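Notes to accompany the following structure.
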Ligand SMILES: Cc1cc2nc3c(=O)[nH]c(=O)nc-3n(C[C@H](O)[C@H](O)[C@H](O)COP(=O)(O)OP(=O)(O)OC[C@H]3O[C@@H](n4cnc5c(N)ncnc54)[C@H](O)[C@@H]3O)c2cc1C
């Protein structure tokens, strides 16, 4: 019986395994070094914050794997020999495969800062990182101040986590406004305000220079390029992630930043595939980046590769870009493309609305030549994915989107509707006279 071996039990590897099982009787083994069972990485923060136990982050009962004839092996793969179709494990033994799926995820970036390997300096990625954080920052007696380096989504999560234990946090952000490579200026400015309101010491346009040793191998302070020395007991390194593929260095598998794959997620070596955070497309699909380190794309790639492996060759087609995250108390959703400072095309214009009192805002991107709707960012309100996905496919214009915003409101019973305010401001700003359409279930669910 054909043996499929998957390295990595994250969302990508596990989805591939589940779908191969649905489609076939093949022998499946998942090897992973981090934990015996799959868990939801995105929920790690809630364990530290006391909202859930680690066991609750595991979406499947432990018996699920045996019942579905998916063998689990907790081990670290050190080397891949694609000629012999054999994996070498750190524990000394080997395991052979007929088809191999590499789904080894990411690792936190380290940029060679002096002192980056001291005790008390860590990333936030794995379960082991979470355990280390419990040791380094159990409370504000042991950790009198934390310094977080890198203003992205994981950095702000770490800041929120530490603040729940009342640990003072200094947040070093290289850019002159939070995440403004991705977020348009108005949104980024609103998040700056929100971070400061949470008593986080946000230092913009500031780079880490050195992490100082207390003489016993532990961090005692950091210095910045602004000439400051900040005493601290924890340094959180959250300056992005990169594919976790060092173990492939001596293999014949072609790599760039990640494992290079074609649209069918095949590598240069027959019977070897790569999916999830560690996979790199030769060129990005549409506006997407060649490496996509997000949860749902890992799941989609897992489903896609399962089809190919089970005899139905399938290309990875992720559809319109979307994503969601949380900046402390503010929920963020994005559909389609709304560019921040980096990569904004010449034809893209933005309509931005911000609530006069609350931390709520919307940016709608459109083509300034054709008025075509390109994408939307929402902060502090929840919108219906399905509607924006459809409007992008149908290439609606921005006036249509504004007029039909009520259709996209996720749940007006629980979330205050802001469509009227957005519409009035839009009409005024752009000198238009668009009328707000009533919500239509018929339109939303495309009935009759
Ligand atoms: C704190 C945090 C919050 C996040 N929040 C969000 C969010 O809100 N939304 C979102 O879309 N994304 C979020 N992400 C990103 C998301 O979690 C990842 O995109 C996703 O988990 C990647 O899945 P994966 O299956 O590709 O890899 P991973 O989940 O990284 O799984 C890979 C596994 O392979 C193991 N492995 C690696 N190398 C080897 C080896 N040589 N031998 C054996 N095992 C190996 C690793 O230890 C790991 O267990 C977050 C990430 C973090 C760290």
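The values are calculated or read from the model by the stated rules, or taken from the named source; none is laboratory data. Computed from a prediction, not measured in an experiment: that's the story for all the values here. Counting neighbours? That spans all protein chains shown, and the Cβs are built from the backbone with ideal geometry, glycine included.
If you go through the range 333-351 and keep only what is crowded, with 18+ Cβ neighbours inside 10 Å and modelled with pLDDT of 95 or more, you end up with 333, 334, 335, 336, 337, 338, 339, 350, 351. Looking at the structure I just gave you, is residue 257 within 16 Å of the ligand (Cβ to nearest atom), in a loop (DSSP other than H, G, I, E, B) and farther than 30 Å from residue 430 by Cβ? So residue 257 fits the description; yes.
Screening 298, 319 for residues that are modelled with pLDDT of 95 or more, surrounded by 22 or more Cβ atoms within 10 Å (Cβ to Cβ) and touching a helix residue (DSSP H, G or I) at 6+ places or on another chain (Cβ under 9 Å) leaves exactly one candidate, 298. Looking only at the range 360-369, filter to residues that are over 23 Å from the mean Cα position of the chain (by Cα) and assigned to a loop (DSSP other than H, G, I, E, B); which one of those is surrounded by the fewest Cβ atoms within 10 Å (Cβ to Cβ)? Applying the filter and picking the extreme gives 369. Where helices (runs of 4 or more DSSP H) fall entirely within the range 122-212, those with at least 2 residues that are without any contact (Cβ under 8 Å) to a residue 24 or more places away in the chain, under 26 Å from residue 244 (Cβ atoms) and under 23 Å from the mean Cα position of the chain (by Cα) are at 127-136. For the range 225-254, the tally of residues that are away from the ligand (no atom under 16 Å from the Cβ), in a loop (DSSP other than H, G, I, E, B), surrounded by fewer than 20 Cβ atoms within 10 Å (Cβ to Cβ) and in contact (Cβ under 8 Å) with a residue 60 or more places away in the chain stands at 1. Each residue in the range 417-448 was checked for being farther than 23 Å from residue 394 by Cβ, touching a residue at least 12 places away in the same chain (Cβ under 8 Å) and not in a helix (DSSP H, G or I), and 1 pass. For the criterion of being part of a strand (DSSP E or B), surrounded by 15 or more Cβ atoms within 10 Å (Cβ to Cβ) and under 22 Å from the mean Cα position of the chain (by Cα), residue 222 fails.
Taking the criterion of being touching a helix residue (DSSP H, G or I) at 6+ places or on another chain (Cβ under 7 Å) and either under 30 Å from residue 94 (Cβ atoms) or more than 9 Å from the ligand (Cβ to nearest atom) (or both), the residues of the range 33-52 that qualify are 34, 35, 38, 39, 47, 48, 49, 52.
A count restricted to the range 82-105 and to residues that are assigned to a loop (DSSP other than H, G, I, E, B), at negative phi, more than 27 Å from the chain's Cα centre (by Cα) and at pLDDT 95 or above stands at 7. Among the residues of the range 284-307, the ones that are touching a residue at least 60 places away in the same chain (Cβ under 8 Å) and not in a helix (DSSP H, G or I) come to 1 in all. Filtering 182, 261 for residues that are in contact with a strand residue (DSSP E or B) (Cβ under 8 Å, 6 or more places away or on another chain) and buried (at least 16 other Cβ atoms within 10 Å of the Cβ) leaves a single hit, 261.
Conditions tested, residue by residue: (1) within 24 Å of the chain's Cα centre (by Cα); (2) part of a loop (DSSP other than H, G, I, E, B).
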{"residue": "19", "(1), (2)": "yes, no"}
{"residue": "29", "(1), (2)": "no, no"}
{"residue": "35", "(1), (2)": "yes, yes"}
{"residue": "38", "(1), (2)": "yes, yes"}
{"residue": "42", "(1), (2)": "yes, no"}
{"residue": "72", "(1), (2)": "no, no"}
{"residue": "80", "(1), (2)": "no, no"}
{"residue": "107", "(1), (2)": "yes, no"}
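With the structure loaded, tell me whether residue 87 is over 17 Å from residue 8 (Cα atoms), within 11 Å of the ligand (Cβ to nearest atom) and in contact with a strand residue (DSSP E or B) (Cβ under 9 Å, 6 or more places away or on another chain) or whether it fails that test. No: the conditions fail for residue 87. Of the conditions (1) assigned to a loop (DSSP other than H, G, I, E, B); (2) within 16 Å of the ligand (Cβ to nearest atom); (3) surrounded by fewer than 16 Cβ atoms within 10 Å (Cβ to Cβ), residue 268 clears all except one; give me its number. Result: residue 268 passes all but (2).
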